1. Would you be able to say whether some residue in the range 81-93 is open to solvent by less than 80 Å² (accessible area, probe 1.4 Å) and of a type in the set (Asp, Glu)?
2. Out of Ser75, Ser101, Ser105, I need the residue that is open to solvent by 20 Å² or more (accessible area, probe 1.4 Å), out of contact with any Lys or Arg (no Cβ under 9 Å at 6 or more places or on another chain), of a type in the set (S, T, N, Q) and at pLDDT below 95. Which one?
3. Only one of these conditions is not met by Asp7: (1) exposed (fewer than 13 other Cβ atoms within 10 Å of the Cβ); (2) at pLDDT 95 or above; (3) outside any helix (DSSP H, G or I). Which number is it?
4. Determine if the range 24-33 includes at least one residue that is within 18 Å of Phe87 (Cα to Cα), in contact with a strand residue (DSSP E or B) (Cβ under 9 Å, 6 or more places away or on another chain) and in a loop (DSSP other than H, G, I, E, B).
5. State all residues of the range 75-92 that are outside any strand (DSSP E or B) and within 18 Å of Ala38 (Cα to Cα); if no residue qualifies, say none.
6. Out of all the residues in the range 10-23, which are in a loop (DSSP other than H, G, I, E, B) and touching a residue at least 60 places away in the same chain (Cβ under 8 Å)?
7. Can you name every residue in the range 45-74 that is outside any strand (DSSP E or B) and either within 24 Å of Glu8 (Cβ to Cβ) or free of Cβ contacts under 8 Å to residues at least 24 places away in the same chain (or both)?
Amino acid sequence: MKAFRLDELEAERAANEGAYLQFLRERNMSVGLYALDAGDADPQSPHAQDEVYLVVSGRASITVGLETTEVARGSVVYVPAGVAHKFHHISEDLRVVVVFSPPES
């Protein structure tokens, strides 16, 4: 079994001074913690993998393709491979668990 604590992952991510920390990589998927602070711009571009976001804290909007929705703790968003997507209007520091399938390259 592999088990993780979000507070420890957040501390590791912050210590590495990056917005993204991949903490699990398996044959069919990878999982990471993505962080954007209030007012930040989301620099990501479309990925070659399907992905699922689980918002663990914060508030923002996300646009996937032509659709926009508000997200907050407990929100789950699916983004198909190759589709443009961005978090924006980040009003509270955002922490998101991201699952990529297949694993992010």
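The values are calculated or read from the model by the stated rules, or taken from the named source; none is laboratory data. Just so you know, these numbers come straight off a predicted model, no measurement behind them. Note that we place each Cβ from the backbone using ideal geometry, even for glycine, and neighbour counts take in every protein chain shown. Heavy atoms of the whole protein, side chains included, go into the accessibility calculation; ligands, DNA and RNA do not. Shrake-Rupley method; radii C 1.70, N 1.55, O 1.52, S 1.80 Å.
1. Yes, because at least one residue in the range 81-93 is open to solvent by less than 80 Å² (accessible area, probe 1.4 Å) and of a type in the set (Asp, Glu).
2. Working: Ser75 fails: at pLDDT below 95; Ser101 fails: at pLDDT below 95.
Checking each option against the conditions leaves just Ser105.
3. Unmet condition: (3).
4. No, the conditions are met nowhere in the range 24-33.
5. Applying the first criterion (outside any strand (DSSP E or B)) to the range 75-92 yields 75, 80-84.
Selection gives Ser75 alone.
6. Here is the first cut: in the range 10-23, the residues in a loop (DSSP other than H, G, I, E, B) are 16-19.
If the condition is that a residue be in a loop (DSSP other than H, G, I, E, B) and touching a residue at least 60 places away in the same chain (Cβ under 8 Å), then no residue fits.
7. Looking only at the range 45-74, we keep the residues that are outside any strand (DSSP E or B), and these are 45-49, 65-66, 73-74.
Selection gives Gly65, Leu66, Arg73, Gly74.
One line per residue, one yes/no per condition, for (1) polar (S, T, N, Q); (2) open to solvent by 60 Å² or more (accessible area, probe 1.4 Å):
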residue	(1), (2)
Glu17	no, yes
Tyr20	no, yes
Met29	no, yes
Leu33	no, no
Ser45	yes, yes
Glu51	no, no
Val55	no, no
Gly58	no, no
Gly65	no, no
